[in-house]
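The values are calculated or read from the model by the stated rules, or taken from the named source; none is laboratory data. Note that the structure is predicted; figures quoted are calculated from it, not measured. Cβ sites come from the backbone with ideal geometry, for glycine too, and all protein chains shown count toward neighbours.
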Amino acid sequence: MIPEIGHFALILALSLAVCQSVMPLIGAHRNDAALMSVAGPAAVGQLVFVAVSFACLAWSFLQSDFTVLYVANHSHRALPDVYKIAAVWGAHEGSLLLWILLLAVWTVAVARYSSELPRAMSARVIGVLGLLSFGFLLFTLLTSNPFERLIPAPANGADLNPLLQDIGLAIHPPILYTGYVGFSVAFAFAIAAMLTGHLDQAWARWTRPWTIWAWMFLTVGIALGSWWAYYELGWGGWWFWDPVENASFMPWLAGTALIHSLAVTEKRGLFKSWTLLLAISAFSLSLLGTFLVRSGILVSVHAFATDPARGLFILIFLGIVIGGALILYAWRAPGMDSAAGFRPLSRETFLLLNNVLLVIACTVILYGTLAPLLYDVFEWGKISIGPPWFEFAFALPMLPLTLLIGVGMHTAWRSQAFGALFAQLKIPGTIAIVAGIAVPTVFYGRFGLLVSVGAIAGFWIMTVSLLQPLRSWRRAPGTPGISRSALGMSVAHFGVGMFTLGITIVSAFTVEADLSVRPGETVEVAGYSFKLTDLNNVQGPNYQALEGEIEIRKDGKFVAELRPQKRTYLVQQSPMTEAAIDAGWNRDLFVALGDPLGNDAWSMRLQYKPLIRFIWLGALIMAFGGLIAASDRRYRLQATAREGTAALREEPA
Amino acid sequence: MARYIALIVAFVIMIGIFAAGLDRDPTKLPSPLIDKPAPEYELPRVMDPLLTTGSTDYAGQMVLVNIWATWCAGCRTEHEYLLELAGRNEIPIYGINWRDDRDAALSWLQQLGDPYVASAYDEDGRVGIDWGVYGAPETFLIGAGGNVMYKHVGPMNEATWQGEFMPRIAAQTGATR
Amino acid sequence: MLAVGLAAAGLVIASILTLQAFKENLMFYIEISEVAKGNAPKDRNFRVGGLVVEGSVTRVPGELEVEFTLTDLNEQLVVYYDGILPDLFREGQGIIAHGRLDDDGSRFIADQVLAKHDENYMPPEVAETLAKHAAAQEAALDAETGQQ
């Protein structure tokens, strides 16, 4: 009964999505207030029904209702409850439902916090979001119904893929999807502006906080995914340039460019058509990611089980949404740009360069991701592209970007005098060069040109990002301090610096060793001695494992004891390597147990990874910077203005 | 204006490549065995290892041969449908249990029901290789003359039965009459 | 003007370097039968895929180095690998290896071995090759039976 309610609620949500899109869009076109006022309530109604549907699926998982095919295929009675919930979005159908739920939440948030927008604008935004929701609901109901029954029910389920039985992966998709889906808001704002044919600085001020929120979630989501891959895929890598990872990284790059371009549009009314194009691109790349992951067109460790009908549906949807947006763009964008000028040395120039470099990086990754498909379709051979190419092609535009960040954030709008800029930046510049050369040489015992360039870039961004907050902290009493948005920018850029430094040091000074080890034997890696003291069989709730006990010492002093496991999950009978990690702020020690090699020996992978935590910490600080910026006064002013107008509206009554 | 058009053209090209890429789906690969005699085999049965089953069991009959395994999610999906199809007595279904564990296969048939006239136990997958199996489930339609008439990759359901199998069966029986 | 010129020059150099790196990192998938015919590149990395032949996995007890035979149902290729095999590496399973041929072209020296975390999965390149060679075997069988 419960699954039928869920299915029915989904159908109701679909019909509400039609109301939510058609009526406000027609209303906005005809300036019909009654039709436009349908938008908000329809969005709330849709959220209610989608939430009911989602709750029904979650309930079916918790009850282990194996008459539901999706539950039978992805759950098991012995599965811990928390993973039963995570299993809801562990495969295609449920993750699609999660996507729709998040879209509904974003839509209601827009409806709730947009009452200061012109009516026609908010009606159009919600209408466009309704259209997107309609597409995804139709997709779910036609090709991917999560409530399909399986009668007679099996005695037990097929279990969740053991790789997904992990807390990191339980929370990774919801956060990542919140980011992906969040770009639909910026997209809807862009479409609404193009439908109106009018785009002003107020539009940029409305769009910007939504974009920053979506970007924050995407940042955290990608960082979590990378962290998960690091400890769960078992082999210590943290980024593989896998098509699915790229699919999440490309919207992030476009979104980052969009945030910076929106800054120019908001402050100076420039780059309007460019901003629109980036808003379309960021969401289009999210959709493209969905297509790549779910159509099976590219093969990846993360790809969902594939079905050509699904691929075709998303492709058509992709064609309509992106194609429609681009046609609208070609029609409306020319003539939108205003001709205000700026000097070559100005904030505008640096933001333009930022955008160009980010878009180049994004295009390069897009090309690398799609090249195997391109070669195959044209029958030039079956290829794959090695990660070294991605690293190189990505670093090439990013290196100048890291240097420009520091200059750009201290450059004034319109025009900047060179002398004043140089005076500000010479001290942080000197610190960065000294630290960038000294740190690798002193702490890691090796000087290298590339390492130093990377380290200088990292230290450079970190020190320059401290300038404004420091100046504000030491300011004369009574003078205004740094604004939230400037502080947010400084914090986020500091995160970029940490991230850059982390990547540089990890790539240069990681020590990896695959070794054959016998119980009682001690091996040395990167100055640490690893002793395999024991091997035991242990029993988990739904797996059996062989567990190694490894004692780590440095200079005779005890550092840690690690227990890596080789698990066999009972239901799917699949082996899984569960690595053990001793994490520290300045280095990780990573141990994974391989296979028996005969003669009592076991293969083990031992790794020393310096500063790897800086990568994820840097990403989290970036996101935190976004949070600070999104809480800036001028975005909150909208809220007060809204409460004011709300009060006004209530007065006559 | 030209740059806006260029953008749209680039997008259309990309969609075209995707469409071509979708078409390349591996499940669409035609079986090399189509219209060729089905490979012969003789293997112990899952239900009783002392008895054997094989291609001679269905000589002269039109049958389905279904490749299945307990580790395969798609097999779980199609199992209910196979039971229903077997219940309609339209066509006998023979199973080949491919690279599986006998105990697991036994309890699967006992718990979920057995749609097969007989299921062969292909432990090391040799017969699977002869049949060109590259994933489970796969279902072969074998004509009365012993030729492979059709191969379906992926779970069976009413739509594939009506859409892919029935027309071929009708054509064949029409032709023999 | 100078800045624009420098930027343009930088862009051109960067594009050339990127394309160069692309060529170097491009790894073609080459069928084992083609490798056997000597059609594999000698001096660069490529990928091979196939089924691990049952009983072919050998190693010196206690050592990491391992050797196994891959087949595409037509030809075979001996693969040498010094490292930890993936969790789902098993005899009879389809896998893909990255690496290059050794100097006399007799062994494939793998620097990476991939198997996927899904029992249903076989890399599509491998599936296609196997299907093709199954067809060839069938044709050969037909020819033989035709002769009889």
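The table for this structure:
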read-out	value
Condition met for residue A:364 (away from chain B (no Cβ under 13 Å), under 30 Å from residue C:28 (Cβ atoms) and in a helix (DSSP H, G or I))	yes
Output for region B:46-63, where each listed residue is buried (at least 19 other Cβ atoms within 10 Å of the Cβ) and out of contact with any helix residue (DSSP H, G or I) (no Cβ under 8 Å at 6 or more places or on another chain)	B:53, B:55, B:58, B:63
Region A:478-517, subset among the polar types (S, T, N, Q) and in a helix (DSSP H, G or I), residue farthest from residue A:615 (Cα to Cα)	A:485
Region A:552-583 - residue that is part of a loop (DSSP other than H, G, I, E, B) and touching a Gly at 6+ places or on another chain (Cβ under 6 Å) and, of those, farthest from residue A:536 (Cα to Cα)	A:579
Residue count for region B:130-155, restricted to those that are crowded, with 22+ Cβ neighbours inside 10 Å, in contact with a Pro (Cβ under 7 Å, 6 or more places away or on another chain) and more than 16 Å from residue B:58 (Cβ to Cβ)	2
Test: residue C:118 is at pLDDT below 60 and assigned to a loop (DSSP other than H, G, I, E, B)	yes
Qualifying residue in region A:49-59 (condition: modelled with pLDDT of 95 or more and in contact with a strand residue (DSSP E or B) (Cβ under 9 Å, 6 or more places away or on another chain))	yes
Checklist (1) closer than 19 Å to residue A:185 by Cβ; (2) touching a residue at least 12 places away in the same chain (Cβ under 8 Å) applied to residue A:223, failing item	(1)
Matching residues in region C:81-97 - criterion: being small (Gly, Ala, Ser) and surrounded by 20 or more Cβ atoms within 10 Å (Cβ to Cβ)	C:94, C:97
Members of region A:101-116 that are surrounded by fewer than 18 Cβ atoms within 10 Å (Cβ to Cβ) and among the charged types (D, E, K, R)	A:112
Test: residue in region A:95-114 that is in a helix (DSSP H, G or I), farther than 30 Å from residue A:30 by Cα, within 20 Å of the chain's Cα centre (by Cα) and within 14 Å of another protein chain (Cβ to nearest Cβ)	no
Top-ranked residue of region A:410-461 - restricted to ones that are within 26 Å of residue A:346 (Cα to Cα) and β-branched (Val, Ile, Thr), ranked as surrounded by the most Cβ atoms within 10 Å (Cβ to Cβ)	A:461
Check on residue A:620, at pLDDT 90 or above, surrounded by 13 or more Cβ atoms within 10 Å (Cβ to Cβ) and not in a helix (DSSP H, G or I)	no
Options A:88, A:82: the member that is more than 14 Å from chain B (Cβ to nearest Cβ), among the β-branched types (Val, Ile, Thr), buried (at least 23 other Cβ atoms within 10 Å of the Cβ) and closer than 29 Å to residue A:543 by Cα	A:88
Single match in A:430, A:479, A:402, A:441 (criterion: away from every other protein chain (no Cβ under 14 Å) and under 26 Å from residue A:261 (Cβ atoms))	A:402
Evaluation of residue A:86 against (1) modelled with pLDDT under 90; (2) aliphatic (A, V, I, L, M); (3) in a helix (DSSP H, G or I) (one fails), failing number	(1)
Residue in region C:16-24 that is in contact (Cβ under 8 Å) with a residue 24 or more places away in the chain and under 30 Å from residue A:357 (Cα atoms) present	no
Residue match in region A:333-355 (condition: more than 9 Å from chain C (Cβ to nearest Cβ), over 22 Å from residue A:264 (Cα atoms) and part of a helix (DSSP H, G or I))	no
Flag for residue B:125 being at the interface with another protein chain (Cβ under 10 Å from one of its Cβ atoms), surrounded by fewer than 21 Cβ atoms within 10 Å (Cβ to Cβ), closer than 21 Å to residue B:44 by Cα and in contact with a Gly (Cβ under 7 Å, 6 or more places away or on another chain)	yes
Helices (runs of 4 or more DSSP H) within region A:1-78 that include 1 or more residues surrounded by fewer than 16 Cβ atoms within 10 Å (Cβ to Cβ)	A:2-30, A:33-36, A:39-62
Checklist (1) within 14 Å of chain C (Cβ to nearest Cβ); (2) surrounded by fewer than 20 Cβ atoms within 10 Å (Cβ to Cβ); (3) among the charged types (D, E, K, R) applied to residue B:90, failing item	(1)
Odd one out for residue C:109, checked against (1) under 30 Å from residue A:393 (Cβ atoms); (2) under 12 Å from the mean Cα position of the chain (by Cα); (3) in contact (Cβ under 8 Å) with a residue 24 or more places away in the chain; (4) within 13 Å of chain A (Cβ to nearest Cβ)	(4)
Tally, over region C:70-80, of residues that are closer than 29 Å to residue A:591 by Cα and surrounded by fewer than 19 Cβ atoms within 10 Å (Cβ to Cβ)	1
Members of region B:51-80 found to be of a type in the set (Gly, Ala, Ser), within 14 Å of chain C (Cβ to nearest Cβ) and assigned to a loop (DSSP other than H, G, I, E, B), listed by number	B:69
Search result, residues across region A:585-614 that are within 13 Å of chain C (Cβ to nearest Cβ), in contact (Cβ under 8 Å) with a residue 12 or more places away in the chain, outside any loop (DSSP other than H, G, I, E, B) and farther than 16 Å from residue A:563 by Cα	A:597, A:601
Sole residue being in a loop (DSSP other than H, G, I, E, B), closer than 20 Å to residue A:98 by Cα and of a type outside the set (Gly, Ala, Ser), chosen from A:160, A:169, A:199, A:176	A:160
Meets criteria (modelled with pLDDT of 85 or more, closer than 19 Å to residue B:160 by Cβ, surrounded by 21 or more Cβ atoms within 10 Å (Cβ to Cβ) and away from chain C (no Cβ under 14 Å)) for residue B:83	no
Residues of region A:372-394 that turn out to be crowded, with 17+ Cβ neighbours inside 10 Å and modelled with pLDDT of 90 or more, as a count	5
From the options A:558, A:494, A:590, residue that is of a type outside the set (A, V, I, L, M) and under 30 Å from residue A:407 (Cβ atoms)	A:494
